[in-house]
Amino acid sequence: MKPAQLLLAYQRLVEKERELRDEIERVESLLASDPDVAHGEQALANARAEKQAIQLRLRESDREREAHRTRLRSREKELMSGRIRNPTELIQMNQEVQHMKASFAEEEEAELRLMEEAELAEQAVLEASERLQEARTRSASDEPALRRDLESWQAELVTVKADSEAAWAQVTPAAQNAYLRVRVHPPVAEVDHNQCLACHVTVTSSGMQALRKGDDIVHCDNCGRILVIA
Ligand SMILES: [Zn+2]
């Protein structure tokens, strides 16, 4: 193989190596923590917190209502007892009782709404719990295949690394230096129909001649990549 062809082969192996590393990293992090499961756990925790908050409000509302009911009853008793003779006072107390009854009815309404909310919150907890279970089941069933993929990619990475090292060793020091000096990525570009396929600028005829001979490293005049005929 000519120097530029060796460099292209080396570059392809390096790219393959990077793809494998990315895949391995992706699968490793998926195995460490499945995002669907993590998301499901968070959603369940949120739903439980919401349910607890509503239950707390419901208990407080129960306590308040009980206190108001007791006060209302004692006022009604007083009103009916006949102990109060003063008409103004009677009217006032009657108004107070009516007012208490009205606000008590409002509290009952509010309590009913709160109970509905509590039911919905309970339902949300059940649903979140089901979804989490599904995510866990799916994650567990995906795991063996992921582990198999991981193992085969790890094995492939070892081979590709060895191949890329071997390919690099075949490259002459001059060509290695030329490759390392290219500042754009990837450093080697193929030429097709007299065009650098990386930047699409036409290669000069003298450049094409040198490329066809293939003994020297030829750079693209525009992007600076090392050229190789496709
Ligand atoms: Zn170019």
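The values are calculated or read from the model by the stated rules, or taken from the named source; none is laboratory data. In this text the structure is predicted, and so the values were computed from the model without any measurement. All Cβ positions, even for glycine, are placed from backbone atoms using ideal geometry, and neighbour counts span all protein chains on display.
Observations
- Flag for Glu107 being assigned to a helix (DSSP H, G or I), within 30 Å of His185 (Cβ to Cβ) and in contact (Cβ under 8 Å) with a residue 40 or more places away in the chain: no
- Residues that are in a helix (DSSP H, G or I) and of a type in the set (S, T, N, Q) within the range 200-224 comprise Ser205, Ser206, Gln209, listed in sequence order.
- Criterion violated by Leu30 - all others in (1) within 30 Å of Ile217 (Cα to Cα); (2) assigned to a helix (DSSP H, G or I); (3) of a type in the set (A, V, I, L, M) satisfied: (1)
- Pairs where the first residue, in the range 209-230, is in contact (Cβ under 8 Å) with a residue 60 or more places away in the chain and the second is near the ligand (Cβ under 8 Å from one of its atoms) and assigned to a loop (DSSP other than H, G, I, E, B), C-beta under 6 Å, 6+ apart: Leu227/Cys220
Residue by residue, here is whether (1) surrounded by 15 or more Cβ atoms within 10 Å (Cβ to Cβ); (2) assigned to a helix (DSSP H, G or I); (3) at pLDDT 95 or above holds:
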site: Ser61; (1), (2), (3): yes, yes, no
site: Arg65; (1), (2), (3): yes, yes, no
site: Arg83; (1), (2), (3): no, no, no
site: Leu90; (1), (2), (3): no, yes, no
site: Leu126; (1), (2), (3): no, yes, yes
site: Thr137; (1), (2), (3): no, yes, yes
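- Qualifying residue in the range 190-202 (condition: in contact with a helix residue (DSSP H, G or I) (Cβ under 7 Å, 6 or more places away or on another chain) and without any contact (Cβ under 8 Å) to a residue 24 or more places away in the chain): yes
- When Arg147 is tested against the conditions (1) more than 16 Å from the ligand (Cβ to nearest atom); (2) over 34 Å from the mean Cα position of the chain (by Cα), the lone failure is (2).
- Looking across the range 157-180, the residues that are surrounded by 16 or more Cβ atoms within 10 Å (Cβ to Cβ) and part of a helix (DSSP H, G or I) come down to Leu157, Val160, Lys161, Asp163, Ser164, Ala167, Trp168, Ala175, Gln176, Ala178, Tyr179.
- Residues being within 17 Å of Asn177 (Cα to Cα), touching a strand residue (DSSP E or B) at 6+ places or on another chain (Cβ under 7 Å) and more than 9 Å from the ligand (Cβ to nearest atom) - total across the range 189-226: 3
- Some residue of the range 131-140 being more than 16 Å from the ligand (Cβ to nearest atom) and of a type in the set (Val, Ile, Thr): yes
- Condition check for Leu7: in contact (Cβ under 8 Å) with a residue 40 or more places away in the chain, touching a Phe, Trp or Tyr at 6+ places or on another chain (Cβ under 8 Å) and farther than 30 Å from Arg136 by Cα: yes
- Yes/no for Ala230 being at pLDDT below 95 and within 16 Å of the ligand (Cβ to nearest atom): yes
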